[in-house]
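Heads up, the thing below is written out as structure tokens.
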Amino acid sequence: LITQDRDDEGTPTKIRLLLEQFFYDMVEESPNKKAALDGPWINIPIELRTQEATEELFQSFGLPFFAAQYTFCTSEQWEMHFTRLFPSDPPVTLGQNFRKATYFRQWLDIIASVGAQSHVKLRATVRAKFDSLTWVPYTGSDRMWCTRPMKGRGWFNLPRGDSPSGPQIAFNP
């Protein structure tokens with residue numbers, strides 16, 4: 001259950017820890033390139049990921065990838081990503097990477113252990129923090145991270161001018 005200890009921002013400690021785990025899991029579960037020998041798309045060395053996987057990373061426009069595809073979400077798309085990453089109810093099936101993400105199991109345990117009123121308050125607390133982020137993975141209905149090339153209108157590539165490659169990133173509207 002949620003502890004009554006509060007951090008400086010008034011957020012329950014368990015939610016603060018959940019969000020710290022969320023940032024770590026997003027970095028840790030970020031996709032690899034197609035060929036295993038090519039390594040990951042993320043440019044944070046393994047030994048630095050624990051210290052670099054912070055809220056500040058996700059509040060920056062500096063993406064930690066060798067290449068990426070990005071789009072600026074509509075409010076509806078941002079809501080969709082929030083709902084996929086922090087669902088109101090346990091999903092029928094877990095998408096790719098979600099079963100390995102510790103934060104996701106913790107989130108499902110938290111929402112299963114509280115009543116409806118607390119559930120709404122907890123989700124609102126998490127949503128407020130989520131809305132302060134600059135970017136998150138562009139989730140798919142079946143996965144945490146999408147990497148297929150996006151060539152449609154509204155999609156951009158980094159480095160500029162390169163063909164679409166790398167993880168898809170959703171920027172906050």
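The values are calculated or read from the model by the stated rules, or taken from the named source; none is laboratory data. Nothing here was measured: the structure is a model prediction, and the numbers come from that model. Counting neighbours? That spans all protein chains shown, and the Cβs are built from the backbone with ideal geometry, glycine included. Surface areas here come from the heavy atoms of the whole protein model, side chains and all, with no ligands, DNA or RNA. Shrake-Rupley method; radii C 1.70, N 1.55, O 1.52, S 1.80 Å.
Just a few scattered comments:
- Percent carbon-and-sulfur accessible area, region 1-139, ignoring ligands, DNA and RNA, probe 1.4 Å: 53 percent
- Cross-link pairs beyond the 25 Å C-alpha cut-off, checked among Lys129/Lys151; Lys34/Lys151; Lys100/Lys151; Lys14/Lys121; Lys34/Lys129: Lys129/Lys151; Lys100/Lys151; Lys34/Lys129
- Cα point-scatterer Debye curve for region 1-125, base-10 log of I(q)/I(0) at q = 0.12, 0.15, 0.21 Å⁻¹: -0.54, -0.84, -1.44
- The solvent-accessible area of Val120, taken with every protein chain present and a 1.4 Å probe, is close to 100 Å².
- One quarter of the convex hull surface built on the alpha carbon atoms of region 43-82 amounts to 3.6 nm², the projected area averaged over directions.
- Look at the alpha carbon pairs under 8 Å that are at least 6 residues apart: their mean separation over the length of region 7-85 gives a relative contact order of 24 percent.
- Ranked order, Asp109, Asp142 - accessible area, probe 1.4 Å, largest first: Asp109, Asp142
- Antiparallel bridges, percent of DSSP beta bridges restricted to the chain (to nearest 5): 65 percent
- Computed magnitude of the charge dipole of the chain (debye, nearest 20; Cβ of K, R +1, Cβ of D, E -1): 580 debye
- Rolling a 1.4 Å probe across the protein heavy atoms gives region 56-173 an accessible surface of 52 Å² per residue.
- Label zone at Thr74 (point 7 Å along Cα-to-Cβ), backbone N below 14 Å, region 134-173: 153-154, 173
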